[in-house]
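**Q** So that we are looking at the same thing, I have put the structure below in structure tokens.
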Amino acid sequence: MKVLVCVKQTFDTEAKIELKDGKIADAGINLIINPYDEVAVEGAIQLKEKGVAKEIVVVAAGSDKAMDAIRTALAMGADRGVLVQQDTAADEFARAVALADAIKAENPDIVLAGHVAADDGSSQVPTRVAEILGFPHINVITSIEVAGGKATCSSEADGGTQVTEVSLPAVISSQVSWNEPRYPSMKGIMAAKKKPVATVAAAAADNKVKIVEFSMPPAKAAGIKIEDEPEVCATKLAEWMKNTVKVELK
Amino acid sequence: MAGTWIFVEQRDGNIRKVTYEMLSEAKKFGDEVAAVVFGKGVEALAPEFAKYGADKVYVVEDDVFANYNTGAYVAQMVAMINEFKPNAVLFAHTFNGRDFGSRLAQKLQLGLATDAIAVELSAGKGLFTRAIYAGKALAKVEVAGEPVLGTIRPGVCEVGDVSGAGAVVKPAVAATAADVYQTVKSFVPTVSARPELTEADVVVSGGRGCKGPDGIKLVEQLADLLGAAVGGSRASIDSGWLGHELQVGQTGKVVNPNLYVAAGISGAIQHLAGMSSSKFIAAINTDTEAPIFNVSDFGVVADLFKVIPTLVSELKK
Ligand SMILES: Cc1cc2nc3c(=O)[nH]c(=O)nc-3n(C[C@H](O)[C@H](O)[C@H](O)COP(=O)(O)OP(=O)(O)OC[C@H]3O[C@@H](n4cnc5c(N)ncnc54)[C@H](O)[C@@H]3O)c2cc1C
Ligand SMILES: Nc1ncnc2c1ncn2[C@@H]1O[C@H](COP(=O)(O)O)[C@@H](O)[C@H]1O
């Protein structure tokens, strides 16, 4: 079975965001593999360790910088990579078109992805890819069982846990609680350097969504801070909750 | 092209609050507002939507719609869009809503603005404000299309005092069992007497400073007094004190309550991403330098084990 994982290169979650010339400044920002995609890579490796998957291919769409995300996944244990060269200004639609095109050429049994990208993520790309490929999909998964040409996954839905079954091939997106991604070993990092990564051009697609403007969120007015005996603090906090917030008690 | 459609999120007839928020918000654009509900035995819900602003209620009932499934719901929505030509269709940014919106948008080869915190609609055009980089920046995006498609974050729009005629329209059923490609084997609701995190008016969260189940009990006690949902930082979730579905933050839930109480939470950037847009924020932390105080409206530098019991008794007074 061939498992393909979509990995996006994103800003480090600690990154300080600033605007420059009306755009998000990316100079000096540390880039990481999207945390959800790291979980998807780990999920793929575990499927391989169980003997379910034979080969793991990672695919990233973006600039040459996205190569680092691919190398990280290869160092964790994926077998080979595909870099789809695309302008990073591509929107969810254009990215889904480019990814689906590259995925089609690989003919995988399972396509794994993160359920959302931690940068300007939209939670759309995996579902859009599934629609383009005519595959079923399951999102936000916390577990997967693969047997008899089917995948059965638990998902973190609103208000509960949903178990969904689909026929393969399918697109499946991760929730972070699915697993704990491994750190690449020194040996893995060395091995990754020798693993093959193909570079392909993105299928042409125009953006559907236009960014009109970036801005910074309004600064919050300074609040009240009290340093005193705990009882005094508690009493004042209770007063604030009653008088300013106007909480209702059960 | 006319009308703003709000897709109703419901499970077994229980409507998610965000549906009402979106209906009230849509009323601001002057266009006809319609609630669109798919399910079984859902016609009885129609007057509910009228109360919150629906001029029309499109009701589609069939076994195939008993529970949300992407295939049948998208097939039905596509048929209705072709027949009635709405100007915009809005979904809640929830597990089902973003799934529906994404697959529908791709099927129609349209753009979709997801997780919007503000929206302005006009004919054939939508302007959506999205919080990006975990709320560290905002992007205003334009989505053109017939219809304009978007998903709205729960808790960001006010439920208004608006009503509509709520005239029921029953479009033809356009989906069959052949459209279904996902089999939902089970749905196990999280057993909790407390409100859901993303819907609650008040959220009380505990972090590593709770030090263990005893500290979390205090958090729960305060939450129950306030009728609040309980949440946690990743530290308290990773320690196993709270279930993962209760994590607030960048890789957890984004909450927008009226009041958020952070007890023993330092306020790491990834945590702030999930709660900094709350209307009021209170923080209890022993470290005067804790970054949570930078976003809190009312902060107390004190031991939560001493503060919460007194706070509970003071509130009860
Ligand atoms: C990719 C990524 C994603 C992440 N996603 C999330 C996320 O979604 N949500 C999230 O929360 N975190 C997330 N994190 C983790 C985040 O960086 C922090 O590690 C985490 O939020 C810390 O939790 P905490 O505030 O409970 O613990 P700490 O940072 O250890 O803070 C504990 C606080 O408790 C205070 N304290 C101690 N004793 C007491 C007492 N008796 N009374 C009162 N206060 C006391 C201390 O002063 C301290 O400020 C993520 C990290 C990464 C790298
Ligand atoms: N440029 C990209 N390259 C590879 N995968 C991507 C890309 N953009 C999005 N994805 C995948 O789609 C998931 C969700 O992204 P998004 O829909 O943008 O939030 C990510 O976690 C990735 O798995």
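The values are calculated or read from the model by the stated rules, or taken from the named source; none is laboratory data. What you see is a predicted model, and the numbers here were worked out from it, not measured in a lab. When we count neighbours, we look across all protein chains shown, and the Cβ atoms used for this are built from the backbone with ideal geometry, even at glycine. Protein only, heavy atoms only, side chains kept; ligands, DNA and RNA dropped before computing areas. Shrake-Rupley method; radii C 1.70, N 1.55, O 1.52, S 1.80 Å.
**Q** Hey, what did chain B get for relative contact order, percent, Cα under 8 Å, at least 6 apart?
**A** Values: 719 pairs, mean separation 47.3, N = 317.
About 15 percent, as a whole number.
**Q** How much FRET efficiency would the formula 1/(1 + (r/R0)^6) give for A:Ala201 and A:Gln46, where r is the Cβ-Cβ distance and R0 is 35 Å, rounded to 0.05?
**A** Step by step, r from the Cβ atoms, then E = 0.60.
**Q** Just counting partner chain Cβ atoms within 10 Å, what average do the residues of peptide B:8-18 show around their Cβ?
**A** 1
**Q** Please compute the modelled spin-label separation between B:Lys170 and B:Asp12, points set 7 Å along Cα→Cβ, answer in nm with one decimal.
**A** About 2.6 nm separates the two model spin labels.
**Q** Something else about it: Can you list the DSSP H helices in chain A whose Cα atoms extend at least 18 Å along the helix axis and whose mean Kyte-Doolittle hydropathy is -0.5 or higher?
**A** Passing helices, by number: A:35-49, A:92-106.
**Q** Here's something else I'd like to know. Please calculate how many Å² of accessible area region B:202-316 carries per residue, with a 1.4 Å probe and no DNA, RNA or ligand atoms counted.
**A** It amounts to 33 Å² per residue over region B:202-316.
**Q** Quick check: from the Cα gyration tensor, does the protein assembly as shown come out rounded (a/c under 1.5), prolate or oblate? Numbers along the way, then the final one.
**A** Values: a/c = 1.61, a/b = 1.14, b/c = 1.40.
Verdict is oblate for the protein assembly as shown.
**Q** Tally Lys/Arg at +1 and Asp/Glu at -1 over every other residue whose Cβ is under 12 Å from the Cβ of A:Ile24; what's the total? Don't skip to the answer; put the middle values down first.
**A** Details: positive: A:Lys16, A:Lys20, A:Lys23, B:Lys136; negative: A:Glu18, A:Asp21, A:Asp26, A:Asp119, A:Asp120, A:Glu213.
Neighbourhood net charge equals -2.
**Q** A further question follows. Trypsin sites (Lys or Arg not before Pro), restricted to region B:153-216: which are DSSP loop and have at most 16 other Cβ atoms within 10 Å?
**A** Values: sites: B:Lys185, B:Arg208, B:Lys211; in loops: B:Lys211.
Sites meeting the loop and neighbour criteria: B:Lys211.
**Q** Pairs to check: A:Lys236/B:Lys140; A:Lys246/B:Lys56; A:Lys250/B:Lys140; A:Lys220/A:Lys242. Give those whose C-alpha atoms are more than 32 Å from each other in this structure.
**A** Check vs 32 Å cut-off fails for A:Lys236/B:Lys140; A:Lys246/B:Lys56; A:Lys250/B:Lys140.
**Q** Treating only the Cβ atoms of Lys and Arg (+1) and Asp and Glu (-1) as charged, compute the dipole magnitude of region B:4-179 about its Cα centre; round to the nearest 20 debye.
**A** 480
**Q** Taking the DSSP beta bridges in chain A as the whole, what percent of them are antiparallel, to the nearest 5?
**A** Close to 40 percent.
**Q** Separate question: Can you give the charge dipole size of region A:2-201 about its Cα centre, rounded to the nearest 20 debye, using +1 on the beta carbon of Lys and Arg and -1 on the beta carbon of Asp and Glu?
**A** Here region A:2-201 has a charge dipole of around 820 debye.
**Q** What is the sum of charges, Lys and Arg at +1 and Asp and Glu at -1, for the other residues whose Cβ falls under 14 Å from the Cβ of B:Glu32?
**A** +2
**Q** Would chain A count as rounded, prolate or oblate if I go by the C-alpha gyration tensor, calling it rounded below 1.5 in a/c and otherwise prolate when a/b exceeds b/c, oblate otherwise?
**A** Details: a/c = 1.95, a/b = 1.58, b/c = 1.24.
Cα axes put chain A in the prolate bin.
**Q** Shape verdict for region A:131-175, please, from the Cα gyration tensor: rounded (a/c under 1.5), prolate (a/b greater than b/c) or oblate.
**A** Oblate.
**Q** With an 8 Å cut-off on Cα pairs and a minimum separation of 6 or more residues, tell me the relative contact order of region A:2-201 in percent.
**A** 26
**Q** Cα convex hull of region B:202-316: how many Å³ per residue? Mind dumping the intermediate values first?
**A** Details: hull volume 9.6 nm³, N = 115.
Cα-based convex hull of region B:202-316, divided per residue, equals 84 Å³.
**Q** So, in Å, what gap is there between the alpha-carbon centers of region A:169-232 and region B:192-247?
**A** 25
**Q** Moving on to the next point. Loop only by DSSP, 13 or fewer other Cβ within 10 Å of the Cβ. Give me the GluC sites (Glu not before Pro) in region B:232-317 that pass, ordered by residue number. Don't skip to the end; give the middle numbers.
**A** Working: sites: B:Glu245, B:Glu289, B:Glu314; in loops: B:Glu289.
Here the GluC sites (Glu not before Pro) that fit, given the DSSP loop and packing criteria, are B:Glu289.
**Q** Can you tell me which aspartates and glutamates have their Cα less than 17 Å from the Cα of A:Lys193? Leave out same-chain residues fewer than eight positions away.
**A** Straight-distance partners of A:Lys193: A:Asp64, A:Asp68, A:Asp79.
**Q** Which value, in debye to the nearest 20, gives the size of the charge dipole of chain B about its Cα centre, when Lys and Arg are +1 and Asp and Glu are -1 at the Cβ?
**A** Here chain B has a charge dipole of around 420 debye.
**Q** I've got another one for you. Comparing the chain by itself with all protein chains present, which residues of region B:299-317 are at least 30 Å² less accessible (probe 1.4 Å)?
**A** B:Gly299, B:Val300, B:Val301, B:Lys306, B:Val307, B:Thr310, B:Leu311, B:Glu314, B:Leu315
**Q** In addition: Work out from phi, with θ = phi - 60° and the Karplus expression 6.51 cos²θ - 1.76 cosθ + 1.60, the ³J(HN,Hα) of each residue of region A:84-89, listed in order in whole Hz, and give x for Gly and Pro.
**A** Karplus values, whole Hz, x for Gly and Pro: 9, 6, 8, 4, 5, 7.
**Q** Mind checking the mean number of beta-carbon atoms from other chains within 10 Å of the Cβ atoms in B:139-148?
**A** Mean shielding count: 4.
**Q** What is region B:4-179's relative contact order, in percent, from Cα pairs under 8 angstrom and six or more apart in sequence?
**A** It rounds to 30 percent for region B:4-179.
**Q** Given a 1.4 Å probe and every protein chain left where it sits, what share in percent of the accessible area of the protein assembly as shown is carbon and sulfur?
**A** Carbon plus sulfur share of accessible area: 50 percent.
**Q** Now, a different point. Give me P(r) over chain B, computed from all C-alpha to C-alpha distances, binned every 10 Å, as integer percentages.
**A** 6, 26, 29, 22, 13, 4, 0
**Q** Just list whichever of A:Lys225/B:Lys279; B:Lys28/B:Lys51; A:Lys65/B:Lys253 have alpha carbons separated by over 26 Å in the model shown. It would help to have the intermediate numbers written out before the result.
**A** Details: A:Lys225/B:Lys279 17 Å; B:Lys28/B:Lys51 15 Å; A:Lys65/B:Lys253 29 Å.
Correct reply: A:Lys65/B:Lys253.
**Q** In square angstrom, what is the accessible area per residue of region B:1-133 with a 1.4 angstrom probe?
**A** 31
**Q** Would you be so kind as to identify which of A:Pro218, A:Thr127, A:Ile189 lies farthest towards the positive end of the dipole of region A:116-250, taking Lys and Arg as +1 and Asp and Glu as -1 on Cβ and the Cα centre as origin?
**A** Value computed over the given set: A:Ile189.
**Q** Moving on to the next point. For B:Lys107, go through the lysines and keep the ones whose alpha-carbon is under 20 Å away, minus same-chain ones fewer than eight residues off.
**A** A:Lys104, A:Lys208, A:Lys210, B:Lys85, B:Lys125
**Q** Within 11 Å, Cβ to Cβ, of B:Arg208, how many net charges do the neighbouring residues add up to if Lys/Arg are +1 and Asp/Glu are -1?
**A** So the surrounding residues net to +1.
**Q** Total Å² of accessible surface buried at the A-B contact, 1.4 Å probe, nearest 100?
**A** Details: alone 14810 and 15020 Å², together 22690 Å².
The buried area between A and B, both sides summed, comes to about 7100 Å².
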